[in-house]
Amino acid sequence: MGEITSTEHTAEKVGHVGKHYVGDTTTILGRTIPLPVYTVVYIILGVVTVLEVALAEVFPRGGLTIPLMLLLSLSKAALVVWFYMHLNTDSRIFAVTLLIPVVMVSIATLFLMIVPVGY
Amino acid sequence: MSEASVQQAEHHAAEGHHHNPAARAENLKFATWLYLASEVVIFSVLIATYVVFRLHSPEVVEHFHEGLNEWPGIWLVSINTFILLSSSWAMVMGLRQIQLGNRQGLIRWISLTALMGTLFVLFQYVEYSELSHKGITLYYNADGTFTDFGMRFYAPTAFHGAHVIVGILWALFVVFNARRGGYSADNYAGVEVFGLYWHFVDVVWIVLFTLIYLI
């Protein structure tokens, strides 16, 4: 996700606020798009959601369908947390605060999933 | 150093900290992240309960998904998902506007956020009505098909819906505060903290949508 950045030069022109870039262009893999980074992320979220629904409802299900849908869902969640909740620029302690419970409950959930029925 | 001078130094330090907007904003955000961490645990319990049920009773969930194939079914939920994603975008665009010093822009975007949150709740009500007609209720249903499913479905989705309602009220408070001149390009911590909450609610829905409706 580090490849998506708001163009710093433009951000300075329209207002570089604190640690957040509020520029009106976005650079992805070296290409500049005339949209704010928030809008680019929104478009990506929309496209991935369409892809998820298509995988679930249109295409026949295979062995990789569920892992792929989980991966897409987690990618969407990561995009929101990274760009909209500003974990990409804010203090690392915020990320740690989020990650500790996420890791703990993930381990607990995985444990529950392997417990046999009726045990 | 005497006790009195220590107390005086602490008082000055506390006062200086209080009047430092950047430090106050960081503290507010940290407090919000701690609160969201507790929310992660609560939602995870509800999600884990559903996931374990999904693993042990796949036929019930498949039956539920078959029911979603009838109009409006999955399409209503998908539209609702887009509405919530759009509301998150509107929220962050509102924050961008106040960071650029445009208070009217903030008011417009956050009002749009509140409007889309309201639409989400209304569509969720429509969805619940449809599901209850299909026998998916909180309690034991006549043919026993969805016994045990109802609570595992409604608990996470309705708890999430309750969070959206709280978010709408919070958005309206932000709009009210903005109209009174409460935020500026140098003072927008209140908007940022609301944004953290709203985006968290969006993230929870992203996970619920995939786990409950698609998989």
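Volume per residue, Å³, of the convex hull around the alpha-carbon atoms of segment B:21-214?
Numbers: hull volume 19.5 nm³, N = 194.
Here the figure is 101 Å³ per residue.
Taking the protein assembly as shown, how much of its Cα-Cα pair set, in percent, is spaced more than 37 angstrom apart? So the portion of pairs separated by more than 37 Å is 24 percent.
What average number of partner chain Cβ atoms lie no more than 10 Å from the Cβ of the residues making up A:93-105?
Average per residue, whole number: 5.
With a cut-off of 15 Å between beta carbons, the residues surrounding A:L45 carry a summed charge of -1, where Lys and Arg count +1 and Asp and Glu -1.
By how many degrees, between 0 and 90 and to the nearest 10, does the Cα long axis of helix B:58-68 differ from the longest principal axis of chain B? That works out to roughly 90 degrees.
Remark: mean inter-chain Cβ contacts per residue of A:68-81 equal 4, using a 10 Å Cβ-Cβ cutoff to other protein chain atoms.
Read-outs: derived from the displayed coordinates by stated rules, not from any lab. Keep in mind the model is a prediction, meaning the values are calculated, not measured. Note that each Cβ is placed from the backbone with ideal geometry, even for glycine, and that neighbours are counted across all protein chains shown.
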